[in-house]
1. Full extension from Glu223 to Asp184: what is 0.36 nm times the residue separation minus their Cα-Cα distance, to one decimal in nm?
2. For segment 122-223, what is the largest minus smallest coordinate of the Cα atoms on each principal axis, given in angstrom and ordered from greatest to least?
3. Provide the FRET efficiency to the nearest 0.05 for the Asp42-Leu193 pair, computing r from the beta carbons and using R0 = 22 Å.
4. Measuring from the lowest to the highest alpha carbon on each principal axis, how far does segment 1-44 reach, largest first, in angstroms?
5. Residues of the chain: accessible area per residue at 1.4 Å, in Å²?
6. Given Cβ point charges of +1 (Lys, Arg) and -1 (Asp, Glu) and nothing else, what value in debye, to the nearest 20, does the dipole of segment 57-128 about its Cα centre take?
7. Give me the percent of Cα-Cα pairs in the chain that sit more than 31 Å apart, rounded to a whole number.
8. Output ³J(HN,Hα) for segment 184-194: one whole-Hz value per residue in order, computed from phi by the Karplus curve 6.51 cos²θ - 1.76 cosθ + 1.60 with θ = phi - 60°, and x for Gly and Pro.
Amino acid sequence: MTFEHIRLEQSPASVAAITLARPEKLNALSLQTVNELRAALDEVTRSDARCLLITGEGRGFSSGADLASGGGPPEDAGEVLETHLNPLIEAIFDLPIPVVAAVNGPAAGAGCSLALAADIVIAARSAYFLQAFINIGLVPDAGATWLLPRLVGRARAMEMMMMGERISAEQALDWGLISRVVEDEHIASESTLLAGQLAAGPTVALGLIRKLARSAQDLPLSEALASERVAQREAGSTEDHKSAVAAFLARQQAGFRGR
């Protein structure tokens with residue numbers, strides 16, 4: 001598929017990189033952008049990529065929904081979520097590989113939700129996170145009401161969603177919203193390095209970890225333990241596990257092949 005609003009690239013290190021590529025619009029999420037993102041995720045799933053890196057081109061990650069396109073707001077904003085944004089977020093959660101978001105500037109509205117859907121979020125020092133929905137009389141979407149309380153607790157999540165104020169990268173780090181803050185000039189290199197490290201890891205186990213971590217928050221302890229047992233059985237049967245144990249016993253460095 002030919003993309004106009006995004007770029008999809010895959011490195012020799014098995015990292016698939018999706019770049020939101022509408023810098024003149026601060027990478028606003030038009031319906032076409034969302035459709036292209038879903039198509040790109042399908043291509044990533046079919047490829048041999050072992051990690052996905054998502055970032056934005058230019059001075060921002062994403063300003064959120066593109067309110068300027070399509071002649072104004074839709075009559076039924078809920079339908080847009082059902083047909084476009086919700087399937088996109090679910091597709092990210094369903095990926096069997098780790099996802100890294102490199103937030104190179106503002107991440108607002110649905111753009112904020114998109115970034116926080118990643119497993120590891122690394123932000124440039126000048127970046128900020130904004131739940132802007134309340135400022136235009138809307139409720140948070142693209143999974144924000146599910147993600148934020150789990151990431152930062154109810155009190156801070158409610159303040160973010162109800163006040164609609166910017167959360168700096170440093171504050172986001174302090175709150176546990178993201179994992180790392182780096183200098184602006186290092187965001188590309190640091191995120192690429194991180195994604196490469198994950199891509200070189202035991203892919204099946206990493207995919208199982210992201211699945212377990214997502215589901216465990218809603219499960220009683222006994223069911224979470226049962227889920228770990230099932231996942232451990234699968235991870236324990238992989239070629240990566242067996243070769244890593246052999247390397248450990250031989251006092252050698254393990255090399256993972258993603259199988």
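1. On the way: separation 39, 0.36 × 39 = 14.04 nm, distance 4.22 nm.
This chain segment gains 9.8 nm when fully extended.
2. 45, 44, 21
3. On the way: r = 27 Å, r/R0 = 1.22.
In this case the efficiency is close to 0.25.
4. Sorted from largest, the Cα extents of segment 1-44 read 31, 19, 13 Å.
5. Details: 13240 Å² over 259 residues.
Dividing the accessible area of the chain by its residue count gives 51 Å².
6. Details: 2 positive and 9 negative charges, 111 e Å.
Approximately 540 debye in magnitude.
7. Values: 8576 of 33411 pairs.
I get 26 percent for the Cα pairs in the chain exceeding 31 Å.
8. Rounded to whole hertz, the list is 3, 6, 10, 4, 5, 5, 5, 6, 5, 4, 4.
The values are calculated or read from the model by the stated rules, or taken from the named source; none is laboratory data. The structure presented is a predicted model; accordingly, all values stated were derived computationally and were not measured. A quick note on method: Cβ atoms are made from the backbone with ideal geometry, for glycine too, and the neighbour counts reach across all protein chains shown. Only protein heavy atoms, including side chains, enter the accessible area calculation; ligands, DNA and RNA are left aside. Shrake-Rupley method; radii C 1.70, N 1.55, O 1.52, S 1.80 Å.
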